[in-house]
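Peer 1: To start, I am sharing the structure in question, which I have written as structure tokens.
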Amino acid sequence: MSVILPAYNAQATLGATLASVQAQTHENLEIIVVDDGSTDTTHDLVVAVQASDSRVRLVRQANAGVAAARNRALFEARGDWIAPLDADDLWHPQKLARQLSRLALNPSAGVCYCWSVDIDMASRVTERRLLVPLFEGWVYDELLLDNFLSNSSSPLIRVEDARSVGGWDTALRDANAQGCEDWDFYLRLARVTPFQLEPGFLVGYRQSDTAMSRDIRRMRRSHALVMARQPASCTESCRHALRRSVALNSLYLGKLALASGRPFAAIALFLEAVAHAPRLILTRPVLRDLKTLVLSRARCSSAGQSHGDIMFADLDPNLPAMARNIIALRGA
């Protein structure tokens, strides 16, 4: 198996990320780190780890963006499976082993994803997602509505399938529309292979104010370009999902705006979401999530700090009673 890890000026988090890969119970790995033109000590950090772990392979290139860095690793990978990982995220030690075991139960699947928790810069859990996907099989229509994989560090992907769809698209960066490269890649994969779920919180998805997803204007442009690429001949359910996808994306970006202290932008995005799909957005689960977000931000602001427990302190995949399957929203 090949872990592909793009890194650009990642010295603050890359050490912990690599340690979470080295701690995997599935040890038969090659770990390809692509230094995408870093100007900090990323290169030196990887060289130091490489000296004590022969599985680590360092590739250096001029800065070309995260999609190009992942593609470089994809086409150099020697394994039958690739496991993408961002340079600031963390894996539970059993992540890869559990996904491989799950794939053994369904050999036709070319993608196995898992759930994630949000973590802060201190690797503390800040949010466990209430809307937990359970989609398996041919999931193209579901992916049109929402990138339910959530991030790039979740899936295990068959190399043959990843290469057959061309890897990650570098054209979004050229159009100043980075942000939805993963979603676009997953949509192309969903047209050629079934997906499988390993139901566990096995990824720590790090949140920071400088993350690519925090650039709301660029994320909107990226989403619009990706959706415009979808086949014009798709089914009626597919077209319905496309319409609702615009509303959900506006809702997601509105929640980002609210969380980053931009209430007026958040209100505008929420109103845009309602305009596109009022029946979907005004459902009780969505309103409850918005209320939870506002209250949690107010608590953090009053305390002057973020709260959360240590990463993966509670890995129980059995969701609490209040957790809701995202499928419930599909019927709203």
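The values are calculated or read from the model by the stated rules, or taken from the named source; none is laboratory data. Fair warning: this is a prediction, and the values are worked out from it, not measured in the lab. We place every Cβ from the backbone using ideal geometry, glycine too, and count neighbours over all the protein chains shown. When the accessible area is computed, the model is the full protein with side chains, heavy atoms only, and any ligands, DNA or RNA have been set aside. Shrake-Rupley method; radii C 1.70, N 1.55, O 1.52, S 1.80 Å.
Peer 1: So which residues in segment 176-189 are over 18 Å from LEU74 (Cα atoms) and either at pLDDT 95 or above or in contact with a Leu (Cβ under 6 Å, 6 or more places away or on another chain) (or both), if there are any at all?
Peer 2: If the condition is that a residue be over 18 Å from LEU74 (Cα atoms) and either at pLDDT 95 or above or in contact with a Leu (Cβ under 6 Å, 6 or more places away or on another chain) (or both), then ALA177, GLN178 are the ones that fit.
Peer 1: Something else about it: For segment 58-69, which positions are under 14 Å from ALA10 (Cβ atoms) and within 15 Å of the chain's Cα centre (by Cα)?
Peer 2: Scanning segment 58-69 gives a single hit, VAL66.
Peer 1: Answer yes or no: is there a residue in segment 143-156 that is over 19 Å from CYS114 (Cα atoms) and either modelled with pLDDT of 95 or more or buried (at least 22 other Cβ atoms within 10 Å of the Cβ) (or both). Before you say what the answer is, go through the steps one by one.
Peer 2: So in segment 143-156, the residues over 19 Å from CYS114 (Cα atoms) come out as none.
No, segment 143-156 contains no residue that is over 19 Å from CYS114 (Cα atoms) and either modelled with pLDDT of 95 or more or buried (at least 22 other Cβ atoms within 10 Å of the Cβ) (or both).
Each row is one residue, and each column tells you yes or no for (1) more than 23 Å from TRP168 (Cβ to Cβ); (2) open to solvent by less than 50 Å² (accessible area, probe 1.4 Å); (3) within 16 Å of the chain's Cα centre (by Cα); (4) at pLDDT below 95.
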{"residue": "GLY37", "(1), (2), (3), (4)": "no, yes, no, no"}
{"residue": "ILE82", "(1), (2), (3), (4)": "no, yes, yes, no"}
{"residue": "TRP91", "(1), (2), (3), (4)": "no, yes, yes, no"}
{"residue": "LEU103", "(1), (2), (3), (4)": "no, yes, no, no"}
{"residue": "CYS112", "(1), (2), (3), (4)": "no, yes, yes, no"}
{"residue": "ALA122", "(1), (2), (3), (4)": "yes, no, no, yes"}
{"residue": "GLU127", "(1), (2), (3), (4)": "yes, no, yes, yes"}
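Peer 1: Are there any pairs, at least 6 apart or on different chains, whose C-beta atoms fall under 7 Å, with the first in segment 179-197 and within 23 Å of ALA104 (Cα to Cα) and the second acidic (Asp, Glu) and part of a helix (DSSP H, G or I), and if so, which?
Peer 2: LEU189/ASP161; VAL192/ASP161; THR193/ASP161
Peer 1: Answer with yes or no whether THR25 is touching a helix residue (DSSP H, G or I) at 6+ places or on another chain (Cβ under 9 Å), open to solvent by 30 Å² or more (accessible area, probe 1.4 Å), at pLDDT 95 or above and among the β-branched types (Val, Ile, Thr).
Peer 2: Against the criterion (touching a helix residue (DSSP H, G or I) at 6+ places or on another chain (Cβ under 9 Å), open to solvent by 30 Å² or more (accessible area, probe 1.4 Å), at pLDDT 95 or above and among the β-branched types (Val, Ile, Thr)), THR25 qualifies.
Peer 1: Can you give me the number of residues within segment 129-139 that are touching a helix residue (DSSP H, G or I) at 6+ places or on another chain (Cβ under 8 Å) and surrounded by fewer than 21 Cβ atoms within 10 Å (Cβ to Cβ)?
Peer 2: Residues in segment 129-139 being touching a helix residue (DSSP H, G or I) at 6+ places or on another chain (Cβ under 8 Å) and surrounded by fewer than 21 Cβ atoms within 10 Å (Cβ to Cβ): 4 in total.
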